[in-house]
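Novice: Just dropping this structure here.
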Amino acid sequence: MFSVANHELVKFAPILSGPSELREFPDWFRDQQSAAWKEFEGLPTPTRKDQAWRFSNVALLDLAPFKISAPLSEDDRKNVLKYSRGLDHYAARLIFANDQLIERDVISEDLKRRGVIFQPLERAMVEHADLFRKYFMSTEATLGSAKFAALHKALVSSGTFLFVPRGLEIKEPIEIFHWLRHDNMSIFPHLLLVTDELAKVTVIEHFRSCNPTTPGFACGVNDLIAGPGAKVTYVCAQNWAENVIALQMNSTTVDHDASAMSLNLHLGGKYSRFESLSRLIGEGGRSDLLAVAVAKHQQEFDARTLQEKVRNLLLSDDSEANSMPGLEILADNVRCTHGATSGQIDEDELFYLRTRGIPTKVAQRLLVTGFLDEVIRRLDHRAIAEHLHRLIEEKFAR
């Protein structure tokens, strides 16, 4: 996809060498990273004997090849900007490559005057330390990836901080890009989103690689905080290169009468694990955890969520889907259900379309699109839905 700059003389630090001493962080954050590194080293690497990893190809989680990037060249930056195309209209945008801020399209002066904060993480931890420290990775990783959450906490160096004040609605989406550039690079993207009472916002994050075959490692975390009566919509559009190993840990906290909707679209990567954990901390709160994963060949998608329903559509005889529904209810007056289905395309539906002159491949595509659209249309955002459908169509066309 991109031109490749000459970087043979640049030295890269292996991620297993620990937190960098070159970054300028507050002392409290540096102490936090040191403690997280010790935690990472002390926790065992997952095995298939662990219940949360029993269906996972844990042999792929070898971190030795992956490195922290040196500063990117000007050619690298220009290439990243050239291909950072997502939505036509957005309220603000940040673009990162190898955890380095490439471009910041700031929010309008009107939104800034009304109290919106949209900053890189390293700036927010200094200028808004109290708010940052209150919410940054405040929820324990309980779905299996505690070791990788500690790794993220130890090595995160950049990301996004977004605060939306009381009663404010940001009508256009906030757009964030995270790119992997060059062989065996690693990134640790982070989003800390805090909404005050009755605020509304939509955020879409794009996760992409500059080369479709380049190996890489991504270990991301999201902290989504929906204040009383607030409405938060979060979309992940993951389209890593085919040899990328990725883990994404999402934490959502929903206060009374608030709502949060997360939709994770996973298309790329060799192995991609995504964990989504929601906490409802007030009456009338609602959290929707939605995910769409389109796999082909040897791709593996590994999902751990607290959710209402999961459905899997298998398009070949050697496809496999394993679901382990379960409930844990620790409060009264809560309605929870679970279920899981897996199956092939309905032969009667396929026959119906073929008898009307539609070729088999096209008919299959129509049925799959309808299957996935049931999830995507719940976003109630036309521009984002169209973008996600384009990504899915591109995946099927490959």
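The values are calculated or read from the model by the stated rules, or taken from the named source; none is laboratory data. Not measured: the values here are computed from a predicted model. Cβ coordinates were reconstructed from backbone atoms using ideal geometry, including for glycine residues, and neighbour counts include every protein chain displayed. Note: areas computed on protein heavy atoms with side chains; ligands, DNA, RNA excluded. Shrake-Rupley method; radii C 1.70, N 1.55, O 1.52, S 1.80 Å.
Novice: Can you sort L72, L101 by solvent-accessible area, 1.4 Å probe, largest first?
Specialist: Numbers: L72 20, L101 60 Å².
Largest to smallest exposure gives the sequence L101, L72.
Novice: Residues with amide H under 5 Å of Q248's amide H, sequence separation 5 or more or different chain, H placed in the peptide plane at 1.01 Å from N; which?
Specialist: Those qualifying (amide H under 5 Å, at least 5 residues apart or on another chain) are G220, R273, F274, E275.
Novice: Could you give the nm distance between label points at K78 and Q298, where each point is 7 Å from its Cα heading toward the beta carbon?
Specialist: Placing both labels 7 Å beyond Cα along the Cβ direction yields 3.7 nm.
Novice: Same structure again: Applying the Karplus parametrisation 6.51 cos²θ - 1.76 cosθ + 1.60 with θ = phi - 60° to the phi angles of segment 55-64, what ³J(HN,Hα) value in whole Hz is obtained for each residue in order, glycine and proline being reported as x?
Specialist: 9, 9, 8, 5, 4, 6, 8, 7, 8, 4
Novice: What trypsin sites (Lys or Arg not before Pro) does segment 31-113 have in DSSP loop regions with at most 14 other beta carbons within 10 Å?
Specialist: Values: sites: K38, R48, K49, R54, K67, R77, K78, K82, R85, R93, R104, K112, R113; in loops: R48, K49, R54, R85.
Taking segment 31-113 and a limit of 14 other Cβ atoms within 10 Å, the loop trypsin sites (Lys or Arg not before Pro) found are R48, K49, R54, R85.
Novice: If you don't mind, there's one more thing I want to ask. Find the relative contact order for segment 60-117 and round it to a whole percent, using C-alpha pairs within less than 8 Å whose residues are 6+ positions apart. All intermediate terms of the calculation are to be shown ahead of the outcome.
Specialist: Working: 34 pairs, mean separation 14.6, N = 58.
Averaging sequence separation for qualifying contacts and normalising by length gives 25 percent for segment 60-117.
Novice: Okay, next question. Computed FRET efficiency, Cβ-Cβ of L101 and L63, R0 25 Å: what is it to the nearest 0.05? Don't skip to the answer; put the middle values down first.
Specialist: Values: r = 24 Å, r/R0 = 0.97.
The value I calculate is 0.55.
Novice: Give me, ordered by chain and number, the residues 5 or more places off G216 or on other chains with an amide H under 5 Å from its own placed amide H.
Specialist: N184, V244, I245
Novice: Are there any GluC sites (Glu not before Pro) in segment 102-192 that are in a DSSP loop and have at most 12 other Cβ atoms within 10 Å? List them by number. Display every interim value, and only then the final one.
Specialist: On the way: sites: E103, E109, E122, E127, E140, E169, E175; in loops: E140.
Counting only loop positions with at most 12 other Cβ atoms within 10 Å, the GluC sites (Glu not before Pro) in segment 102-192 are E140.
Novice: Among the listed pairs K49/K296; K49/K147; K67/K147, which have their C-alpha atoms separated by more than 22 angstrom in this model? Walk me through the intermediate numbers first.
Specialist: Details: K49/K296 26 Å; K49/K147 16 Å; K67/K147 18 Å.
Pairs exceeding the cut-off: K49/K296.
Novice: A further question follows. Send over a whole-number figure in Å² for the accessible area per residue of segment 64-145, probe 1.4 Å. Spell out each step's value before the answer.
Specialist: Details: 4230 Å² over 82 residues.
Averaged over the residues of segment 64-145, the accessible area is 52 Å².
Novice: Identify all lysines with a Cα-Cα distance to K112 below 18 Å; exclude those on the same chain that are fewer than 8 residues away in sequence.
Specialist: Straight-line reach from K112, under 18 Å: K171, K200.
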